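Trainee: Below is one structure. I have some questions about it.
The values are calculated or read from the model by the stated rules, or taken from the named source; none is laboratory data. Remember, it's a predicted structure, so these values are computed and weren't measured experimentally. In this analysis, Cβ positions are derived from the backbone assuming ideal geometry, glycine residues included, and neighbour counts consider all displayed protein chains. With ligands, DNA and RNA removed, areas are computed over all heavy atoms of the protein, side chains included. Shrake-Rupley method; radii C 1.70, N 1.55, O 1.52, S 1.80 Å.
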Amino acid sequence: MKITMFDTKPYDKKYFEEVNPNYGFDIKYLESTLGENSAIMAKGSDVVCPFVNCNVDKKVIDILADEGIRLIAMRSAGFNNVDLKRAAERVLKVVRVPAYSPHAVAEHSFAMLLTLVRKMQHAYVRTREFNFSLSGLEGFDLYGKTIGIIGTGKIGRCAADIAKGFGMHIMAYDPYPQQIEGIEYANLEQLLKKSDIISLYCPLTKDNRHLINAESLKMIKKNAVIINTSRGGLVNSEDLLEALKEKRLAGAALDVYEEEAGIFFTDQSNEGIEDDTLARLISMPNVIVTSHQGYLTEEALRAISETTLKNISEFEQGLPLSNEIK
């Protein structure tokens, strides 16, 4: 099987090269992001392997199908960037990595939360300049606070376990609630009104796009904190910026951004960015932005490589596809 991997970073290649000897696939690693202009670069392959910010829309799928591609192997859990209807029409199978390390993302969300509420980013900069003043670095305890977890899949449940360790009260909203000890389920409005910290752990769908918007932000208690390590499209960034400017929130920590494609995963330090909303968010003292880093641990990268190649192996052998998206 010949595989063309798009949007490849050095750490992707490292772990795929570690795992691939077990399979013996012919992998072509490309730095280019998959899109209408780059899809032709997969010519001669059987499989394309895109990442979360690749564009796999109708036009791209048509180009891939015309070039003989038979499988789209997403090396991510998310697949909102794939036109599944068109893929089915062109008889292309689509698979994904539904779980790699839920602990990685959950732990990253709490790393961001602690950094934000204890103002560690400012303390770090101060001490680097030999400024040991504590003025303006007052934070607040997580103990006794209410965290509102939106989405109680594997990552959300890992986050709930971490929150229990901090002695937090846990509320949750999920369209499909489960019986989980120590978690109080509520409707979305109740969760927004009662939570001190709101953390998102759900996939992006057409039904929950801009779940956090101007109206829902009005429900959130003053001085609450928003954490998003899921998908950028869950939060209306302009509405979030306005709420922060009006000082209706204590802060926000974002590992994802709705217009991150073409910005995240790249070095923009010499050019700057043209996205004014993102630039203003980054400039705010009570906002932390990381570049879709939540999954980036050794364990998660190895699991992504193993599951992706296993998905391709199942396809090659004509076996039922364990992680097919239909």
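Per-residue answers, yes or no, for (1) more than 24 Å from Asp7 (Cα to Cα); (2) assigned to a loop (DSSP other than H, G, I, E, B):
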site	(1), (2)
Glu242	yes, no
Ala250	yes, no
Ile263	no, yes
Asn270	no, yes
Thr277	yes, no
Leu281	yes, no
Ser291	no, yes
Leu296	no, yes
Leu301	no, no
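Trainee: Let me ask another. So, of the residues in region 142-160 that are more than 16 Å from Ile227 (Cβ to Cβ) and over 18 Å from the mean Cα position of the chain (by Cα), which turns out to be most open to solvent (accessible area, probe 1.4 Å)?
Mentor: Tyr143
Trainee: Let me ask another. Scan Thr152, Thr127 and give me the residue that is within 23 Å of Gly294 (Cβ to Cβ) and polar (S, T, N, Q).
Mentor: Within the list Thr152, Thr127, the selection yields Thr152.
Trainee: Next up: Can you tell me which residues in region 154-195 are touching a helix residue (DSSP H, G or I) at 6+ places or on another chain (Cβ under 7 Å) and not in a strand (DSSP E or B)?
Mentor: Lys154, Ile155, Cys158, Ala159, Ile162, Ile180, Gly182, Glu189, Leu192, Lys193 - these are the residues of region 154-195 that are touching a helix residue (DSSP H, G or I) at 6+ places or on another chain (Cβ under 7 Å) and not in a strand (DSSP E or B).
Yes or no, residue by residue, for (1) crowded, with 20+ Cβ neighbours inside 10 Å; (2) within 22 Å of the chain's Cα centre (by Cα):
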site: Thr115; (1), (2): no, yes
site: Glu138; (1), (2): no, no
site: Glu189; (1), (2): no, no
site: Cys202; (1), (2): yes, yes
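Trainee: Next up: Provide a single number: the residues in region 153-174 that are within 19 Å of Lys193 (Cβ to Cβ) and of a type outside the set (Asp, Glu).
Mentor: Summing the residues that are within 19 Å of Lys193 (Cβ to Cβ) and of a type outside the set (Asp, Glu) in region 153-174 gives 7.
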